[in-house]
């Protein structure tokens with residue numbers, strides 16, 4: 001959380017030392033938007049949101065911010081109204097009204113980020129700091145008021161749109177039924193948590209026609225006692241891989257762990273540790289790429305919005321597959337049939353194995369980012385440094401997504417073929433987002 005402290009220290013310093021009318025420069029700094037996304041990342045992590053629900057947080061916040069920018073720069077950006085499922089229209093600013101669209105975009109991001117997370121008001125202190133910055137840096141009162149009003153107008157439309165995505169209804173949907181059927185997913189140690197979001201395929205997609213638009217091939221038949229079967233071979237591949245991991249493979253697994261809440265057990269003592277979710281990790285990568293590319297504020301917002309849409313739809317596609325097949329995790333199979341003491345490198349998450357959620361969303365996000373910044377965009381990912389994990393460097397976003405496939409396998413929580421199938425599905429989702437959305441003119 002060091003970045004939070006440093007940011008607020010910077011705000012305090014600027015607020016106390018500046019009396020120039022340089023608000024236009026201050027609020028056009030794309031790093032300010034990246035810091036705001038980081039703030040939401042912290043709220044999501046702090047409140048233990050699942051990776052799936054987190055993708056919804058990022059979607060609505062990013063689309064709200066983007067719509068403000070699209071309204072302010074109609075010659076460069078096109079509204080997503082009429083392009084995203086259920087989003088029909090976005091209000092336009094009054095002719096001649098003085099609005100700082102960067103400031104308004106930040107406020108819209110924060111309002112939606114707070115509105116679709118719990119507890120409400122979790123970003124109020126941060127929003128107050130932005131408003132204070134605007135005053136200290138000389139933004140005229142009428143511009144501040146107009147910007148806040150327009151931000152609220154757009155935010156209210158996006159918030160209403162969010163309420164029709166079926167999320168509320170799924171909160172009371174039927175729970176996953178645990179049975180003793182061979183090959184069917186059951187809760188895993190140490191928490192033995194119930195299945196996470198078994199009805200996420202009922203959530204309205206952003207771009208996909210339906211959750212089933214890109215079906216994965218059926219998983220291998222559960223034939224754990226047949227040594228010639230594909231399934232048995234995958235089990236043995238996972239078991240032996242974990243038993244013989246190199247230091248590099250351990251680093252890869254840990255780097256892409258992205259477990260938002262790991263339950264640590266030591267004797268009778270239990271405590272949780274938190275990291276960014278898979279979606280939060282990719283939101284961080286967007287910021288890293290934007291800074292390296294020296295993207296302006298509007299391009300940065302555009303990149304976040306496109307990537308958040310790709311992540312959101314990827315999780316919907318993947319969860320449709322997961323709870324269609326309800327496949328058991330490697331940990332359960334190996335402990336029951338081969339070695340009761342075997343443990344994966346990473347803590348097994350609480351949902352079915354096939355297909356891999358992280359591989360799906362990573363491949364989808366990689367396609368979105370490639371469409372913005374280009375292929376062969378090399379970068380160093382420093383996301384995990386604050387969690388004590390060393391940086392890793394990549395030749396491209398797709399290169400990172402491919403490494404993620406191996407990371408979930410090295411972690412012992414997915415079979416290798418599951419990651420490969422997920423990567424293919426994620427690419428299909430990401431390509432659809434890129435092909436269908438007309439955002440930058």
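Just so it is clear, none of the values below were taken in a lab; they were calculated from the coordinates. This structure is a prediction, so every number in the text was calculated from the model and none was measured. Backbone-built Cβ (ideal geometry, glycine too); neighbour counts: all protein chains shown.
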I'd like to compare 169-179, 39-49: which one has the highest average count of other Cβ atoms within 10 Å, and what's the full order after that? 39-49, 169-179
With each run of n ≥ 4 DSSP H residues scored as -39500 (n - 2.57), what mean residue ellipticity at 222 nm is computed for the chain after dividing by its residue count and rounding to the nearest 500 deg cm²/dmol? -18000 deg cm²/dmol
Once normalised by the length of segment 188-436, the mean sequence separation of its alpha carbon contacts under 8 Å that are 6 or more apart gives a contact order in percent of 29 percent
Between helix 416-436 and the chain, what is the angle of the helix's C-alpha long axis to the longest principal axis, kept within 0 to 90° and rounded to the nearest 10? 30 degrees
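Residue 156 to residue 73: FRET efficiency via 1/(1 + (r/R0)^6), r the Cβ-Cβ distance, R0 25 Å, to the nearest 0.05? Spell out each step's value before the answer.
Working: r = 21 Å, r/R0 = 0.85.
Computed FRET efficiency for residue 156 and residue 73 comes out at 0.75.
What FRET efficiency comes out for residue 20 versus residue 335 if R0 is 60 angstrom and r is the Cβ-Cβ distance? Round to the nearest 0.05. Could the numbers behind the result be given before it?
Values: r = 64 Å, r/R0 = 1.07.
It comes to 0.40.
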Order of 282-294, 409-421, 230-242 by packing, highest average Cβ count within 10 Å first? 409-421, 282-294, 230-242
Of the convex hull enclosing the alpha-carbon atoms of the chain, the direction-averaged projected area in nm² is 21.2 nm²
What percent do you get for the relative contact order of the chain when only Cα pairs under 8 Å and 6+ apart count? 21 percent
Going by alpha carbons, how many degrees (0 to 90, nearest 10) lie between the helix axis of 101-115 and the longest principal axis of the chain? 40 degrees
As I understand it, the value is the acute angle between the Cα axis of helix 2-17 and the longest principal axis of the Cα atoms of the chain; what does it come to in degrees, rounded to 10? 10 degrees
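Return the FRET efficiency for the residue pair residue 177, residue 28: r is the Cβ-Cβ distance, R0 is 45 Å, and the value is rounded to the nearest 0.05. Display every interim value, and only then the final one.
On the way: r = 53 Å, r/R0 = 1.18.
According to the calculation, E is roughly 0.25.
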Here the Cα Rg-to-2.2 N^0.38 Å ratio for segment 188-436 is 1.00
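Quick check: residue separation of residue 386 and residue 142 times 0.36 nm, minus the Cα distance between them. What number comes out in nm?
Working: separation 244, 0.36 × 244 = 87.84 nm, distance 4.01 nm.
Value of the extension gain: 83.8 nm.
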Please give the peptides 350-357, 382-389, 192-199, 362-369 ranked by average Cβ packing (other Cβ atoms within 10 Å per residue), highest first, as a rough proxy for protection. 362-369, 350-357, 192-199, 382-389
